[in-house]
Amino acid sequence: MKYVIAGAGPAGVIAAETLRKADPEGSVLMIGDEPEPPYARMAIPYLLAGDIGEKGTYLRKSKNHYKDLRIDYLQDRVKKVSAKQREIVLDGGGRRAFDALLIATGATPIKPRVPGLDLPGVHHCWTLADARAIAKRAKKGADVVLMGAGFIGCIILESLLSRGVTLTVVEMAERMVPRMMNDKAAAMLKRWCAAKGVAVKTGTKVTKIEKSGRGLTVHLDRGKPVAASLVVVAAGVKSNVGFLDGSGVKVKQGVVVDDRLQSSAPGIFAAGDVAEGPDFSGGWSVHAIQPTAADHGRIAALNMAGHPARYKGSLAMNVLDTAGLISASFGRWDGVKGGDFAEAADKAAYRYIRLAFDGDRLIGALALGLTDHVGVIRGLIQTGVALGDWKQKLMSDPHRVMDAYLARAYA
């Protein structure tokens with residue numbers, strides 16, 4: 001069997017390793033388009049913060065890891081896929097045939113249509129090359145503008161703040177992390193950031209960026225322009241699917257896959273940020289988080305090698321550290337039509353919990369400053385256990401999630 005993996009992130013690496021175990025005799029080719037060994041993008045903020053060096057971002061530490069497993073690694077980019085001819089075309093000009101193909105090409109940062117984003121000193125924070133460029137300018141006391149206060153933006157916020165910069169955050173939505181938090185939680189987060197010296201401008205758009213002397217001027221649709229020596233763009237990401245035009249593979253937001261991670265084209269699978277797969281809530285979604293990528297890679301590889309494995313669905317899950325305040329959201333934190341909510345807040349202590357129910361089952365949750373609840377909440381949601389009379393107890397006091405978990409787990 002000839003296995004080809006397009007992409008060398010967590011999904012691709014785990015798939016390659018799984019294929020080698022599942023099929024010791026098959027050939028495994030993994031293709032990545034960056035000059036460094038396969039690494040984890042989620043580790044880049046820790047690199048910027050100085051907690052790790054570049055080697056600390058590498059997914060596998062041994063220099064000969066892939067060679068020892070007889071996994072061929074090729075630095076190139078997949079330009080075209082043909083499901084009919086069972087081959088890929090490489091950007092470098094070559095072609096490779098496959099018996100089974102895994103598309104694990106991840107995502108790309110969204111570039112807003114803002115004049116000036118190509119100026120020196122304006123960077124995304126997505127690759128190791130980006131991190132090096134940001135580190136050169138994000139010196140202590142430097143004026144930095146961060147475009148975007150979504151999940152990725154707030155992760156970057158933490159690492160920039162740790163470098164001692166003077167930080168202004170510009171978010172076009174009316175609240176921070178709008179896909180992860182409601183108004184009440186986001187207001188707490190914004191107040192927390194302000195207390196840490198971060199200027200957060202929500203409901204505001206960057207209209208253009210201009211070169212000004214040795215630095216940059218960031219123009220806004222509300223308020224005065226902001227001077228900066230560095231602008232970091234964190235406006236979201238989109239799945240890398242453009243190269244699949246005309247391939248015969250069905251694509252929506254990402255590559256549409258079934259519960260075996262197989263696409264509409266037999267023998268072609270997808271995993272990670274590029275895959276639009278089964279959602280724990282019953283739909284189909286792209287969940288661009290590393291735990292989902294890891295699960296996808298393993299299960300897709302087993303099916304590629306002829307070992308049937310079913311994917312039960314990914315749980316929407318985000319855990320975020322924003323300047324020391326831990327927040328988490330799980331599942332349908334925004335609830336369902338006709339569902340109930342329970343919440344409790346301590347604004348002075350920056351603590352908040354909100355539970356969402358469908359009948360007597362917990363389907364989602366949102367929490368700030370309550371790290372001890374995270375595992376228990378996830379367990380209650382993923383098991384889908386009927387809470388019975390514990391639902392009313394949680395409605396009265398949502399902090400009792402541990403009691404509810406223990407009571408129902410051992411009922």
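Readers should treat all values here as calculations from the given coordinates under stated rules, not as data from a laboratory. Small disclaimer: the values here were computed from a predicted structure and weren't measured. A quick note on method: Cβ atoms are made from the backbone with ideal geometry, for glycine too, and the neighbour counts reach across all protein chains shown.
Report the chymotrypsin sites (Phe, Trp or Tyr not before Pro) located in region 342-411 that are in a DSSP loop and have at most 13 other Cβ atoms inside 10 Å of their Cβ, or state none.
Here the sparse-neighbourhood loop sites are Y410.
Provide, in order from the shortest bin, the percent of all Cα-Cα pairs of region 265-411 in each 5 Å bin, continuing until the bin that contains the maximum pair distance.
In whole percents, the pair-distance histogram is 2, 9, 17, 19, 16, 13, 11, 7, 3, 1, 0, 0.
Starting from the Kirkwood Rh over alpha-carbon pairs, what translational D in µm² s⁻¹ does the chain have by Stokes-Einstein at 10 °C and 1.306 mPa s?
On the way: Rh = 22.8 Å.
Rounded to a whole number, D works out at 70 µm²/s.
With +1 assigned to the C-beta of every Lys and Arg and -1 to the C-beta of every Asp and Glu, and no other charges, what is the dipole magnitude of the chain about the Cα centre in debye, to the nearest 20? Please report the intermediate quantities before stating the final value.
On the way: 56 positive and 41 negative charges, 174 e Å.
Taking the Cα centre of the chain as origin, the dipole is about 840 debye.
Over the chain, what is the mean sequence separation of C-alpha contacts under 8 Å (at least six apart), divided by residue count, expressed as relative contact order in percent? Walk me through the numbers on the way to the answer.
Working: 927 pairs, mean separation 59.9, N = 411.
Taking the mean separation of contacting Cα pairs over the length of the chain, I get 15 percent.
Could you name the lysines in cross-link range of K337, using Cα to Cα under 27 Å and dropping any fewer than eight places away on the same chain?
K184, K252, K312, K391, K393
Whole-Hz Karplus ³J(HN,Hα) for region 343-358, in order, using 6.51 cos²θ - 1.76 cosθ + 1.60 and θ = phi - 60°, x for Gly and Pro?
8, 8, 9, 10, 4, 5, 9, 6, 10, 7, 9, 9, 10, 10, 10, 10
If the reach is capped at under 16 angstrom between alpha carbons, list the lysines near K190, excluding any in the same chain fewer than eight residues apart.
Counting by Cα, and skipping residues close in sequence, K190 has these lysines nearby: K201, K347.
So if a site counts as exposed when it's one of the GluC sites (Glu not before Pro), its DSSP state isn't H, G, I, E or B, and it has at most 15 other Cβ atoms within 10 Å, what's the longest stretch of the chain without one?
Values: sites that count: E25, E174.
Longest gap between qualifying sites, sites excluded: 175-411.
Given contacts defined as C-alpha pairs under 8 Å and at least six residues apart, what's the relative contact order of region 122-233, whole-number percent? Can you show the working numbers first?
Details: 204 pairs, mean separation 35.0, N = 112.
It rounds to 31 percent for region 122-233.
Using +1 on the beta carbon of Lys and Arg, -1 on that of Asp and Glu, and nothing else charged, what's the dipole of region 122-233 about the Cα centre, debye to 20?
Details: 19 positive and 8 negative charges, 57 e Å.
So the magnitude is around 280 debye.
How high is the relative contact order of region 324-409, in percent, with contacts defined as C-alpha pairs under 8 Å that are six or more residues apart?
Working: 159 pairs, mean separation 25.4, N = 86.
Averaging sequence separation for qualifying contacts and normalising by length gives 30 percent for region 324-409.
Per the helix-only calculation at 222 nm, which mean residue ellipticity applies to the chain, given -39500 (n - 2.57) for every DSSP H run of n ≥ 4 and division by its residues, nearest 500 deg cm²/dmol? Walk me through the intermediate numbers first.
Numbers: 10 runs with 98 residues, N = 411.
The helix contribution divided over the chain gives -7000 deg cm²/dmol.
What pairs in K79/K211; K111/K196; K136/K196 have C-alpha atoms more than 30 Å from each other? Let's see the in-between values first.
Numbers: K79/K211 35 Å; K111/K196 28 Å; K136/K196 23 Å.
Flagged as over cut-off: K79/K211.
Ignoring trypsin sites (Lys or Arg not before Pro) that are buried or in helix or strand per DSSP, and keeping those with at most 11 other beta carbon atoms within 10 Å, what is the longest stretch of the chain between them?
338-411
For W126, which sequence-distant residues (separation of 5 or more, or a different chain) have an amide H within less than 5 Å of its own amide H, given hydrogens modelled in the peptide plane?
A131
Regarding region 324-409, what's the average projected area of the Cα-atom convex hull, expressed in nm²?
Details: hull surface 20.7 nm².
Average of the hull's projected areas for region 324-409 equals 5.2 nm².
Among M304, M402, which comes first, then next, by fewest other beta-carbon atoms within 10 Å? Don't jump to the answer; show the numbers that get you there.
Values: M304 30, M402 14.
With the sparsest Cβ surroundings first, the list reads M402, M304.
For K21, list the aspartates and glutamates whose Cα falls under 19 Å from its own Cα; do not include residues on the same chain fewer than 8 positions away.
D68, D72, D99, D295
Take the Cα pairs of region 122-233, get the Kirkwood Rh, then feed it into Stokes-Einstein at 20 °C and 1.002 mPa s and tell me D in µm²/s.
Numbers: Rh = 14.1 Å.
Once the numbers are plugged in, D ends up at 152 µm²/s.
Step through the residues of region 219-226 one at a time and calculate ³J(HN,Hα) from phi using the Karplus curve (6.51 cos²θ - 1.76 cosθ + 1.60, θ = phi - 60°), rounding each to whole Hz and writing x for Gly and Pro.
8, 10, 7, 9, x, 7, x, 10
Can you compute 3J(HN,Hα) from phi for each residue in region 244-257, using the Karplus curve 6.51 cos²θ - 1.76 cosθ + 1.60 with θ = phi - 60°, rounded to whole Hz and x for Gly and Pro?
Working through the residues one at a time gives 8, 4, x, 7, x, 9, 6, 10, 10, 5, x, 6, 6, 10 Hz.
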